[in-house]
1. Hey, could you check segment 113-128 for residues that are within 23 Å of the chain's Cα centre (by Cα) and not hydroxyl-bearing (Ser, Thr, Tyr) and say which is surrounded by the most Cβ atoms within 10 Å (Cβ to Cβ)?
2. Hey, can you tell me all the residues within segment 184-201 that are assigned to a loop (DSSP other than H, G, I, E, B) and within 14 Å of ligand 2 (Cβ to nearest atom)?
3. Which residues, counting only those in segment 100-112, are part of a helix (DSSP H, G or I) and either within 16 Å of ligand 1 (Cβ to nearest atom) or surrounded by fewer than 16 Cβ atoms within 10 Å (Cβ to Cβ) (or both)?
4. For segment 207-232, how many residues meet the condition of being buried (at least 19 other Cβ atoms within 10 Å of the Cβ) and farther than 14 Å from Lys273 by Cα?
5. Please work out which one of (1) in a loop (DSSP other than H, G, I, E, B); (2) over 13 Å from the mean Cα position of the chain (by Cα) is the condition Lys161 fails and give its number.
6. Suppose we filter Ala63, Ala28, Ala97, Ala67 for residues that are in the same structural domain as Ile158 (by TED's automatic domain parsing), more than 18 Å from Ala292 (Cα to Cα) and either within 16 Å of ligand 2 (Cβ to nearest atom) or crowded, with 20+ Cβ neighbours inside 10 Å (or both); which single one remains?
7. Out of (1) among the aliphatic types (A, V, I, L, M); (2) surrounded by fewer than 20 Cβ atoms within 10 Å (Cβ to Cβ); (3) at pLDDT 95 or above, what's the single condition that is false for Val260?
8. With respect to Pro10, determine if the residue is crowded, with 17+ Cβ neighbours inside 10 Å, within 16 Å of ligand 1 (Cβ to nearest atom), in contact (Cβ under 8 Å) with a residue 40 or more places away in the chain and in a loop (DSSP other than H, G, I, E, B).
Amino acid sequence: MSRIFSGIQPTGDLHLGNYLGALRNWVALQKEHECIYCIVDLHAITVWQDPKGLALNTREVTAGLIASGLDPKKNIIFNQSAVSAHAELAWVFNCIARLGWLNRMTQFKEKAGEQKENASVGLYIYPNLMAADILLYKANYVPVGEDQKQHIELARDIAQKFNNNYKTELFPMPEPMILGEATRVMSLKDGSNKMSKSDPSENSRINMTDGPDEISRKIKKATSDSELLPGDPKDLLSRPEARNLCAIYAALSNKNISAVCIEFEGKQFSVFKSALTELAVSVMGPIGVEMARLVSDQGYLDSVLKDGAERSRVISNKVLSEVYDVVGFLKT
Ligand code: AMP
Ligand code: TRP
């Protein structure tokens with residue numbers, strides 16, 4: 001049986017991009033695989049996090065995973081800082097990864113912006129910690145959105161170099177798993193930016209906790225264009241906002257974009273947007289309600305994370321111990 005690992009940052013509201021690019025696929029995978037899902041609070045603090053907000057968001061993301069349909073008994077759900085092996089393996093990987101490899105990471109460039117000298121060192125070595133997350137469980141597949149592909153390639157490079165340096169086959173090569181019709185959901189306001197927790201405009205994203213009125217308002221306000229919907233998805237290539245809305249519709253309705261184009265060929269955006277609103281409310285509405293219910297049950301959420309951390313330690317301590325043996329650390 002293949003092992004699946006993925007992570008999500010507790011840095012703000014979960015949104016439709018997280019749901020379609022990651023969470024929904026995680027829910028589908030639990031039927032046939034052993035799955036481990038980590039709320040990556042160590043990654044979160046690579047940029048400033050208010051301590052109270054971080055704790056709140058960690059519980060809220062846990063609620064989001066469960067409300068989306070992940071069964072915490074079947075899967076392992078835990079927060080990264082509770083399992084110290086993540087930070088320990090990351091250190092070893094800091095000594096394996098090369099500066100040149102990290103210099104190529106586009107997410108660092110985006111997040112550090114103009115002020116590179118001011119970025120935390122943690123932000124720079126973020127991908128090494130991510131490689132540790134994945135390889136600590138010898139995971140075979142990593143379901144993520146498109147934006148994380150480069151980081152998984154780096155995890156493969158680290159696994160390969162570790163295996164070569166130490167003449168071992170300890171680590172399998174993890175594969176990215178990029179699934180669905182909306183692997184990169186774009187901002188509702190600008191089709192050239194991805195939908196993101198860090199976008200200052202609330203109207204740029206649909207949050208998983210948004211109720212029907214907010215969903216409807218945001219879709220109404222979403223940027224589109226004045227043309228009619230085409231019958232062929234090729235004609236959407238030069239219309240990024242229109243393409244994004246069609247991709248969201250496709251993913252939410254489990255269809256492909258071609259089928260959506262055929263369904264709405266020649267229709268105006270107003271018609272399409274009402275259909276999209278109805279669909280988004282029917283899929284996302286119940287998840288938001290369940291999330292709110294779970295967030296109010298802190299005791300339950302904490303018990304899920306505690307149980308997950310205990311189960312993940314059983315696997316990760318064993319792998320870390322294998323790594324330490326290979327590297328030549330004495331276990332005194
Ligand atoms: P993050 O919120 O950055 O921790 O991302 C958690 C997961 O959601 C990762 O698998 C990301 O690839 C995915 N994700 C985040 N934003 C988007 C987006 N706009 N479209 C598709 N997937 C996304
Ligand atoms: N970097 C990922 C993101 O921002 C989160 C993450 C951390 C992750 N560790 C991981 C994803 C391990 C997959 C596997 O979305």
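The values are calculated or read from the model by the stated rules, or taken from the named source; none is laboratory data. Everything numeric here is computed off the predicted structure, so don't read it as measured data. With ideal geometry, Cβ positions are generated from the backbone for all residues, glycine too; neighbour counts draw on all protein chains shown.
1. Among those residues, the one meeting the criterion is Pro127.
2. Once the filter is applied, which keeps residues that are assigned to a loop (DSSP other than H, G, I, E, B) and within 14 Å of ligand 2 (Cβ to nearest atom), segment 184-201 yields Arg184, Val185, Met195, Ser196, Lys197, Ser198.
3. Within segment 100-112, Gly100, Asn103, Thr106, Gln107, Phe108, Lys109, Glu110, Lys111, Ala112 qualify.
4. Residues that pass the stated criteria total 4.
5. Condition not satisfied by Lys161: (1).
6. Ala97
7. Only one criterion in (1) among the aliphatic types (A, V, I, L, M); (2) surrounded by fewer than 20 Cβ atoms within 10 Å (Cβ to Cβ); (3) at pLDDT 95 or above is unmet by Val260, namely (2).
8. When the stated conditions are applied, Pro10 passes them.
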